[in-house]
Amino acid sequence: MADDMLAALVRPDKVHKRVYTDPAIFDLEMERIFGQAWIYVGHASQVPKPGDYWTTLIGREPVVMVRDRDGAIRVLYNRCPHKGAKLVADGCGHAGPLFRCPYHAWTFALDGRLRGVPFRQGYADTGFSLDDPQFSMRPVARIAERRGFVFCSLAEDGPGLEEYLGGALASIDNFADRAPEGEVEVAGGVMRVMQHSNWKIFFENLNDTGHPQATHESSFAAARRTVREKLGGKTPFQLHIIEGNGEPNSFWESLELRCYDHGHSYMDAIFNAPTDAISLEYRGQLEAAYGVERAQAILSMNRHNTIIYPSCSPHTGFQQLRVIRPISIDRTLVEIFTFRLKGTSDAFFQRTISYTNIVNSPSSTVMVDDVEVYRRCQEGMASDGGDWISQHRMAGHDTPFEGGLLGAGISEVPMRNQFRAWASYMGEAVA
Amino acid sequence: MIADPLLTHAAADYLFREAELLDGRRWEDWDALFAEDGMYWVPLRHDQQDPLNHASLFYEDAILRDVRRRRLEEKHAWSQQPVTRTARIVGNVRIVAQDGEGLRVRSAFQISEWRQGRDQRQLAGHYTHDLVGTAPGEWRIALKRVDLINCDGIQDCYEVFL
């Protein structure tokens, strides 16, 4: 497809349905977006010791993140240069001192360099060489780490990670700053949910303040009835996080939506910081580590979902990270990671786990309705009932600032901002 | 351990009745089977021992079960239009532990789950029921643990109790 045709699919206040339904566009996205942007790969705490590895996808490319013997983190294509076999099985594991292919036992150092091949005499005078990079595992073009969060880019050139993240960088720093020891670690398991819809639909929803009251009515209405009929009107933590979606229009209008170049954005927190004994103990730990003033500054950066386009979304307040992996034009895998703030109590972490179970589990009474409406979008978009997807809410009212756009609480500016980035990756910038 | 055949029969009957309540979407009657502090747990990992410091597919007390069952009947539960239908078979029922206060019952299950317009899904795994009470008529569920064979796999959403 010609680049000018691609650019014509994105307008300032609407996008053409083809961006969600055309497999040829998905193929181009894998090449032009996921082949260029910084993509979240994993967290350093998932590979604590040399030889530990974690596999994932960058676009369609299977990669393995591994801790090398010198302590550095490497990210390599999970592909044997001999026959192409994936060298390690999907998931996490320990390679030992070397990667060893299960097919013909070629071995590779943890930085990917070929170390040995059986039947060496057969390679004499063939052009094969242990030192030739084409016979080693290929490293990804660029790797960068921030507070343990590892990102990769498959492109040699482009902005560095910090420049790329812009104002979203503060969400990653704040995620780690919230730990009294200044470090976080992946803990408590990973959940994987398959959505039957295009990956962009999920990203658009993450900062969509217009949907909670309608989409999540069933869960917040049920929670309210439980509170009224079973709990004498008192809302426990576990229902507070379900009921939040039922806030009235004025609440959503009062929020702020801050968008940055490259598609990133965040919305203000929708849950107030709890004031129970666990939270007070935590605040005390943070004050002891940082001092009262700095602790207050850390906690007052209270963001709900941050969007790090196009690969992940941290929720700093409850230590969640959702990682988005497009599988095909109408399939999206979302992986949910929970983090422990180093220096906090088990009780604090158990509440984090409770949030994971209630909000991000495949059984979440909240998320099921999201996933249902995403699928209905995907099915409806395929129809001939219309060609355009509206993003008109407060269009024309975005306030530019250095490096981004500011929108009022109910604005669809995060979606417009995502497509500004999309168009720039895919072809020409939108006028 | 070879349990008293009559007791095993009573335990199996208890599980069959529970299955009937779930397949019939009789959530309130099902929830009444639980002891006051009874828990419904579907681990995320095989052999998961800890439901507090590790995420689970479900880990629900009376309050969370109450929200789930009410939500399933909400008019605007979009993902229940139309509702989820299930049929399950429970078998291999064995009493694996027993003391004066109750017993532990292990079983295997197969659940077929279907919604109009969606693919039919087959679920399989093992149930472990910790029942408290000295006689079958007094049994209450202290813990229902559901170990799915694919608990650590990629999941579509879960809506109804398994």
Accessible-area loss of at least 30 Å² (1.4 Å probe, chain alone to full protein assembly) applies in segment B:119-162 to B:154, B:155, B:156, B:157, B:158
For the interface of B with A, what's the total buried accessible surface in square angstrom, probe 1.4 angstrom, rounded to the nearest hundred? 3400
Chain A: relative contact order in percent, alpha carbon pairs under 8 Å with at least 6 residues between: 22
Just the isolated ones, please: cysteines in chain A lacking another cysteine beta carbon under 4.7 angstrom. A:92, A:152, A:259, A:312, A:377
To the nearest Å², the heavy-atom accessible area per residue of chain A with 1.4 Å probe amounts to 40
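Would you work out the relative contact order for segment A:295-401, in percent, from Cα pairs under 8 angstrom that are 6 or more residues apart? Kindly include the intermediate steps, with their values, before the conclusion.
Values: 87 pairs, mean separation 12.7, N = 107.
Relative contact order here is 12 percent.
Would you work out what percent of the accessible area of segment A:39-146, with all protein chains in place, is carbon or sulfur (probe 1.4 Å)? Provide the component values of the computation, followed by the final result.
Working: 2690 of 5470 Å².
Roughly 49 percent of what the probe reaches on segment A:39-146 is carbon or sulfur.
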Indicate the gyration tensor shape class of segment A:167-426 (rounded, prolate or oblate), computed on the Cα atoms with a ≥ b ≥ c the square roots of the eigenvalues: a/c under 1.5 is rounded; otherwise a/b larger than b/c is prolate and the rest oblate. prolate
Compute the distribution of all C-alpha to C-alpha distances in the protein assembly as shown, in bins of 10 Å from 0, and list the percent of pairs in each, rounded to whole numbers. 3, 15, 24, 25, 19, 10, 3, 1, 0
So the carbon and sulfur contribution to the accessible area of segment B:5-148, 1.4 Å probe, in percent, is 50
Please report the base-10 log of the normalised intensity I(q)/I(0) for chain B, using a Debye sum with one equal scatterer per alpha carbon and no solvent, at each q in 0.12, 0.14, 0.17 (1/Å). -0.53, -0.73, -1.09
Given the Cα atoms of segment A:1-106, and with Rh set as the inverse mean 1/r over their pairs in the Kirkwood sense, what is Rg to Rh to two decimals? 1.14
For segment A:323-380 and segment A:91-117, what is the separation of their Cα centres, given in Å? 33
Straight-line reach check, residue A:342, cutoff 20 Å on alpha carbons, 8 or more apart in-chain or any other chain, hits among lysines -> A:49
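Order these peptides, A:82-94, A:236-248, by their mean beta-carbon neighbour count within 10 angstrom, highest first. Numbers along the way, then the final one.
Details: A:82-94: 14.4, A:236-248: 17.9.
Peptide ranking by packing, descending: A:236-248, A:82-94.
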Could you sort the residues of segment B:63-77 by number and keep only those whose accessible area is reduced by 30 Å² or more in the all-protein-chain setting relative to the chain alone, 1.4 Å probe? B:63, B:64, B:66, B:67, B:68, B:70, B:71, B:74, B:76
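So with the 1.4 Å probe, I'd like the accessible area per residue for chain B, rounded to whole Å².
On the way: 7630 Å² over 162 residues.
Each residue of chain B exposes 47 Å² on average to a 1.4 Å probe.
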Shielding by partners - mean other protein chain Cβ count within 10 Å, residues of A:341-354: 2
Neighbourhood charge, 14 Å Cβ-Cβ cut-off, centred on residue B:121 and excluding it, Lys, Arg +1 and Asp, Glu -1: 0
Would you mind pulling out the separation of the Cα centroids of segment B:4-57 and segment A:179-207, in Å? 29
Within 10 Å of each Cβ in peptide A:365-376, how many partner chain Cβ atoms are there on average? Round it to a whole number, please. 5
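The values are calculated or read from the model by the stated rules, or taken from the named source; none is laboratory data. It should be emphasised that the depicted structure is a prediction, and the values quoted were computed from it without experimental measurement. So basically every Cβ, Gly included, is an ideal-geometry build from the backbone, and we count neighbours across all protein chains shown. Keep in mind that these areas ignore ligands, DNA and RNA; they rest on the heavy atoms of the full protein, side chains included. Shrake-Rupley method; radii C 1.70, N 1.55, O 1.52, S 1.80 Å.
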